[in-house]
Amino acid sequence: MNRLIAALIITVAWTSVGIAVPEGIPIQYMDARNRMPMSTSERIQLSRARGSYRRTVTAEAFGSKGQTVVLLVEEGISTGISSALATFQSDLENDGYDVKTWLISGGSAEDIRNDLITEYSGGDLAGAICIGDIPTGWMDSGDGEYPVDVFLMDMNGTWNDPDADGLYESYSNGGPEIWVGRLTPTYLTFGGAVNLLNDYFAKNHAYRTGALSLPDRALAYEEAFTGLTGYLDDLYSTVIRKNDPACTNADDFKEELLNGYEWVHLISHSSPWGSSFHTDAPPEGGGTLDNFEVPPLDPHAFFYVLNCCSNGRWTEVDNLANSYIWCDSYGLAVLAQAKVDYTNDFREYYLSLANGNCLGIAFRTWLAANMSMENGAVLLGDPTLKPRMGIAGFISINGAGSGTSGSDNWLSYDLTEGLHTQGRVDTYYDPFSGDLFAVCGSSDPVRANILSTFTDGDSWAQPIAVCDHEYWDWHPTVGGDGQGNVWTAWQSMQNNHDGYDIYVSQWNGSSWINETILTDGDPFEVEPAMDGGNGHTWLVWQKWQNASTDIEGVFWTGSNWSSINTLSAEDGEERYPDVAYKGNGFGLVYHARRNGNWVICFRDAPDSGPFGAETVISSSNENSRYACITSDGSEYWVAWQDDNGAILSSHGSGSVWTTPETISSSSGCVRPSITSSSAGEITAMWTCGTSELHYNTYTGGAWQGYCGAVTEDAVDDASLAWLDDKLWAVYGRRDTDLQWDLWACTPDPVGIAGHSSSTVEQLSVSVTGRNPFSGSVILNISSPFAANLRIYDLSGRTILDRQVESGLFTWTGTSDTGVPVPSGVYFAVVTDGSSMKSCRLVKI
């Protein structure tokens, strides 16, 4: 079943013929949801909150193989990844490296660099790999403020910070002496850091041992012709090249990512969270590949070069470049820029790789020749890997596994359909009009804007644009005062291309009017949230300025918005606020850095008064993030996610709260939403994996147990709200055509999925639980009749052949004769005589 790839260069589309455009072509910072990077001062403040520096050497190389690699491991996650880390260390030793493992706790990048310099003085240090939340240096230059891993790579240079603000303004010339790679899933909201690292090391091992492979070819995808991907031809004999601006767009790029390439080189407009296809695009725009689309897409590629401004700013939550290597099946390494930058042809990088060097050596070589412009570059992934490790071919089985749309117990309705991406939703029920409002981010018509719709309970209105700014509008919220005033607010770059401001518009019954800028100036004001009642409303947001992140807001007095209030400005960071009205006051939640951990904090305020003292309502011994809040009229209810990927909840008010209770499965759960009915029934919903929405309901004094609401091809986070006696969830959904649209779902009143009781169960097979797996794996099989299940290895040999019914099937990793199969890639295929479905398995 292997396929020989012909040695040729396929040029799909050229817009011009002639000399390549020289380096220096600007690829503009562009974010389709109008987000701005976290301020440097915020990151510096986080570093200062780490506590004193401690380095514990747990693995010391004995003897000498000639090159030493230091694994810099965040101490707090070391226990959870110890087994996978041991395998990784063994793999490195088998490649000829001496490996030393340092557990790092507290301290700064300067502390780590000093220890690396001492190690380098011994003469054999080749490089270091940052595993977990390992700090880095920060630059303040003409390209703005940005993280610089080259600070950790420079073993003999001088870095200057004349104003002692934690930002280096210059450094002595010269290339780096060692390479540094980074495996930092800390700021991703999906998966949990420990699970993501364990899965990454499993992929890494499978690739090194030949059990994981892709077609031996590369994709060069340019938003518009630049001629800067030419040196890729020195590394791969087969390069698929697309560069016609009339044809390059987000949808086409997503489809190409599923076609199977070892290497992908992308040039596009960009931000830390999105890659936009804008230059010379048709009037309807070329769309944006958003960060939340990548994990469920699960691109079929190992290695990436991203000529994309700020795509590599790994310090941002759910950074796009970082997302590529934490996908389930393939991603291993990404070279990207953490700053706004111009393009580069990567000549030295590709030539070094073509000469048989690893990614780290090629990275260091390329930087040495391009330090003046490329000092913000970062290598995400394992630098010791090499591309083209003798892969003979690949296997492709048609009908690869997918979810069964609407297979649970909620009814779904599509609200948009078309070219552009919709996602990241907020909802609000207005008791005055009886309407339920929903707002979301959209790439329509180009870059990023805000869409809105509403329902009276019978039908949803045609979505309309809230604004049509040229520059990025992101992260909307919607709320009201309970007496007829409804607003939507969002963050926008329209008024200030160096930062974000908070905008607000009011609903007049048919459109959004009176657009107003509530903030202005240098701070980045982002992530707004809003709720109200009794004629009053709080609109809150996160502000980055002056070496800290604070929570601010404005209050609707009944006739106007107040001046800006500082709601929380403690030592340490405060992020991602949410607010709820309780009938006689307001509750505010956010996650904050306290004593080295992220915790969930609460403050309350009377109906027209200030917010009071902070109360920590989550465990202070583990990391918790992304809280949401609602009220049943007597107390507040809060839900959040922890770093293990579980959803927790607590309820109370003031300083008295219940012990947090886990209300979801123990992993894979992210970004909850929570709401209360008029009768006090509490419902929380969250995304599980990338394709399911799960929910749990609190009635009768207890949570009733979580279950599935909908299973789709892929879903984005949902927002919950009640309309009279009907509960609604509005969310982004990707269909099998890779389009992301806005959908709404509500529980089926008769408890049966689909639109009629005669709905036929569709054939499907998918993995429930961990994949890659080590012992056994559970397959979820749906079939209207008895079906045949076969498991194949990469050569096409049948390993297992069974008759199965709908339900769960456990494969123990053995053949039909009971012999354990080796580590590698396998395919589970179910057939019912008329159709076939399959999914991919990785045994480690």
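The values are calculated or read from the model by the stated rules, or taken from the named source; none is laboratory data. Keep in mind the model is a prediction, meaning the values are calculated, not measured. Note that we place each Cβ from the backbone using ideal geometry, even for glycine, and neighbour counts take in every protein chain shown. When the accessible area is computed, the model is the full protein with side chains, heavy atoms only, and any ligands, DNA or RNA have been set aside. Shrake-Rupley method; radii C 1.70, N 1.55, O 1.52, S 1.80 Å.
Candidates are the residues of region 417-448 that are within 16 Å of D741 (Cα to Cα) and among the aliphatic types (A, V, I, L, M); the one that is modelled with the lowest pLDDT is L419. Look at (1) at pLDDT below 95; (2) touching a strand residue (DSSP E or B) at 6+ places or on another chain (Cβ under 6 Å) and you find that V638 fails only one, number (1).
If we keep just the residues of region 351-374 that are at pLDDT 90 or above and in contact with a strand residue (DSSP E or B) (Cβ under 7 Å, 6 or more places away or on another chain), which is most open to solvent (accessible area, probe 1.4 Å)? Across region 351-374, the extreme among qualifying residues is R364. Of everything listed in (1) modelled with pLDDT under 85; (2) within 26 Å of the chain's Cα centre (by Cα), the single unmet condition for A377 is (1).
Of the residues L727, L800, the single one that is touching a Lys or Arg at 6+ places or on another chain (Cβ under 9 Å) and at pLDDT 90 or above is L800. Here region 445-455 is the region considered, the condition is being touching a residue at least 60 places away in the same chain (Cβ under 8 Å), touching an Asp or Glu at 6+ places or on another chain (Cβ under 8 Å) and not β-branched (V, I, T), and the residue that is nearest to S268 (Cα to Cα) is R447.
How many residues are of a type in the set (S, T, N, Q) and touching an Asp or Glu at 6+ places or on another chain (Cβ under 9 Å) when one looks only at region 113-146? Lay out the reasoning, then the answer.
Narrowing region 113-146 to residues of a type in the set (S, T, N, Q): 114, 118, 121, 136, 141.
Those left that are additionally touching an Asp or Glu at 6+ places or on another chain (Cβ under 9 Å): 136, 141.
Residues flagged as of a type in the set (S, T, N, Q) and touching an Asp or Glu at 6+ places or on another chain (Cβ under 9 Å) within region 113-146 amount to 2.
Checking each residue of region 653-660 against the condition of being in contact (Cβ under 8 Å) with a residue 60 or more places away in the chain and out of contact with any Cys (no Cβ under 9 Å at 6 or more places or on another chain) gives at least one match. Can you list residue pairs whose Cβ atoms sit under 9 Å apart, with the first residue in region 736-765 being closer than 30 Å to N249 by Cα and open to solvent by 50 Å² or more (accessible area, probe 1.4 Å) and the second being in a loop (DSSP other than H, G, I, E, B) and at pLDDT below 55? Count only pairs 6 or more apart in sequence or on different chains. That search, which allows pairs on different chains as well, returns T736/S402; T736/S405. Out of the residues in region 480-509 that are without any contact (Cβ under 8 Å) to a residue 40 or more places away in the chain and in a strand (DSSP E or B), state the one that is most open to solvent (accessible area, probe 1.4 Å). So the residue we want is Q506. When region 74-85 is filtered for residues that are of a type in the set (V, I, T) and out of contact with any Gly (no Cβ under 6 Å at 6 or more places or on another chain), the ones remaining, listed by number, are T79, I81. For region 238-257, the set of residues classified as part of a loop (DSSP other than H, G, I, E, B) and modelled with pLDDT under 90 consists of N243, D244, P245, A246, C247, T248, N249, listed by residue number. So which residues in region 652-681 are among the β-branched types (V, I, T) and buried (at least 22 other Cβ atoms within 10 Å of the Cβ)? Matches in region 652-681: I663, V670, I674, T675. Restricting attention to region 340-391, the residues that are out of contact with any helix residue (DSSP H, G or I) (no Cβ under 6 Å at 6 or more places or on another chain) and free of Cβ contacts under 8 Å to residues at least 24 places away in the same chain total 2. Among the conditions (1) buried (at least 20 other Cβ atoms within 10 Å of the Cβ); (2) of a type in the set (G, A, S); (3) at pLDDT below 95; (4) assigned to a strand (DSSP E or B), the only one that G645 does not satisfy is (4). Total residues in region 508-558 satisfying the condition of being more than 22 Å from F454 (Cβ to Cβ), at pLDDT 95 or above and either in contact with a helix residue (DSSP H, G or I) (Cβ under 8 Å, 6 or more places away or on another chain) or among the charged types (D, E, K, R) (or both): the figure is 1.
Against the criterion of being within 30 Å of D244 (Cβ to Cβ) and part of a loop (DSSP other than H, G, I, E, B), A220 does not qualify. Looking only at residues in region 426-479 that are part of a loop (DSSP other than H, G, I, E, B) and among the β-branched types (V, I, T), the one that is surrounded by the most Cβ atoms within 10 Å (Cβ to Cβ) is V466.
Taken over region 384-416, the criterion of being modelled with pLDDT of 65 or more, surrounded by 19 or more Cβ atoms within 10 Å (Cβ to Cβ) and in a loop (DSSP other than H, G, I, E, B) is satisfied by T384, L385, P387, L415, T416.
Only one entry of D607, D643, D632 meets the criterion of being charged (D, E, K, R), touching a residue at least 60 places away in the same chain (Cβ under 8 Å) and either in contact with a helix residue (DSSP H, G or I) (Cβ under 9 Å, 6 or more places away or on another chain) or under 25 Å from G701 (Cα atoms) (or both), and that entry is D643. Scan region 595-610 for residues that are under 30 Å from G106 (Cα atoms), open to solvent by 10 Å² or more (accessible area, probe 1.4 Å) and at pLDDT below 95 and jot them down. Residues satisfying the conditions are N595, G596, N597. Hey, any hits in region 572-594 for a residue that's surrounded by fewer than 17 Cβ atoms within 10 Å (Cβ to Cβ) and within 22 Å of S624 (Cα to Cα)? Looking for residues that are surrounded by fewer than 17 Cβ atoms within 10 Å (Cβ to Cβ) and within 22 Å of S624 (Cα to Cα), one finds none in region 572-594, hence no.
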